[in-house]
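Here's the structure, in C-alpha cells; my notes come after.
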Amino acid sequence: MKCPYCGHLDNKVIDSRLNKESTITRRRRSCLTCNQRFTTYERLEVMMPVLVKKDGRREAWDRKKMVIGLEKACEKRPVSRDSIDKFVDEIERKLQDIGSKEVSSKVIGQWVMEDLPRLDEVAYVRFASVYRQFKDVNEFMDELKTLLDARAMSDYQSTNEGEK
C-alpha cells in the first residue's frame, strides 16, 4: 500500500477491524519511511452482472447511480444515508445471488418497487412516478391505491397475528 504522505510502499498494519456486517476490513497503517499513519479499507470485489437496459444497451452496475436515485426519492424525508446504503447493499446481494452474467434493469426496478415502501412510502411514490412513467393523474392515483391497499393488508395481518 502506497503511503499517501510520502509515496513509499513500505508500511506496517497497526490495527485491523471488521465492520458490523463483516464485509469491510478497516486497517490502520504506519509508513515505515515517514512514520505517518493512515487508514485503508478493504472490500471483497465481487463481479456484478451487466445491466441490460430497456433499449437493449448494456452497462456495468453502478452503485452510485442507485444511491443517487434513492437520495432523490428520499429527499426531505426522514431517511438516513445509512438506511439508503443498507437498502442498496440488499439489492447488490440479490444481484450476486442470482448468479447471472446479465440482468434486466426491469428486474432491479421491481426489487426496488417491492422493498422501497418499507423504507419510506413517500419515497416509494416518488420513485414509482419516475420508474412507471405515469401518463396522467389516474395512473398515479392507481399506484397510491395499490400502496394503501398493501399497507391495509399488512396492518390487518399484524393485528390478527397479535390476537393469536
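None of the figures in this text is laboratory data; all of them are computed from the coordinates on show. Keep in mind the model is a prediction, meaning the values are calculated, not measured. Neighbour counts are summed over all protein chains in view; Cβ atoms, including those assigned to glycine, are modelled from backbone coordinates with ideal geometry.
In a GNM of the chain with a 10 Å cut-off on Cα contacts, which of K72, K12, K54 has the highest mean-square fluctuation?
Top of the fluctuation ranking is K12.
Give me the net charge for the shell around P49: Cβ to Cβ below 9 angstrom, other residues only, Lys and Arg +1, Asp and Glu -1.
Counting the neighbours of P49, the net charge comes to 0.
How high is the relative contact order of the chain, in percent, with contacts defined as C-alpha pairs under 8 Å that are six or more residues apart?
15 percent
Could you tally the net charge around R77, taking each other residue with its Cβ under 13 Å from the Cβ of R77, Lys/Arg +1 and Asp/Glu -1?
Net charge around R77: 0.
As a check on your grasp of the helix formula, calculate [θ] at 222 nm for the chain: sum -39500 (n - 2.57) over DSSP H runs of n ≥ 4, divide by the residue count, round to the nearest 500.
Rounded to the nearest 500, it is -16500 deg cm²/dmol.
Working from Cα positions, state the angle (0 to 90°, nearest 10) between the long axis of helix 137-163 and the longest principal axis of the chain.
80 degrees
Report, in degrees rounded to the nearest 10, the 0 to 90 angle that the Cα long axis of helix 81-98 makes with the longest principal axis of the chain.
Taking the Cα atoms of the chain, the angle to 81-98 is about 90 degrees.
Provide the net charge surrounding T40, with neighbours chosen by a C-beta distance below 9 Å and charges set as Lys +1, Arg +1, Asp -1, Glu -1.
My count for the surroundings of T40 gives +3.
Loop only by DSSP, 11 or fewer other Cβ within 10 Å of the Cβ. Give me the chymotrypsin sites (Phe, Trp or Tyr not before Pro) in the range 1-94 that pass, ordered by residue number.
Taking the range 1-94 and a limit of 11 other Cβ atoms within 10 Å, no loop chymotrypsin sites (Phe, Trp or Tyr not before Pro) are found.
Taking Rg and Dmax of the Cα atoms in Å as the quantity of interest, determine which of [x] 14.8, 44; [y] 21.6, 68; [z] 16.3, 48 was computed from the displayed structure.
Here the calculated entry is [y].
Mind checking the angle between helix 105-119 and the chain's longest principal axis? C-alpha axes, 0 to 90 degrees, to the nearest 10.
So the helix axis and the longest Cα principal axis differ by about 80 degrees.
Quick query: amide H of V50 versus all other amide H atoms, modeled in the peptide plane; which residues come in under 5 Å with a sequence gap of 5 or more or a different chain?
Answer set, sorted by chain and number: E102, V103.
Modelling each spin label as a point 7 Å along the Cα-to-Cβ direction, I'd like the S129/R43 distance in nm, to one decimal.
My value for the distance between the label points is 3.1 nm.
Would you pull out the residues with amide H under 5 Å of I24's amide H, same chain only if 5 or more places away, H placed 1.01 Å from N?
N19
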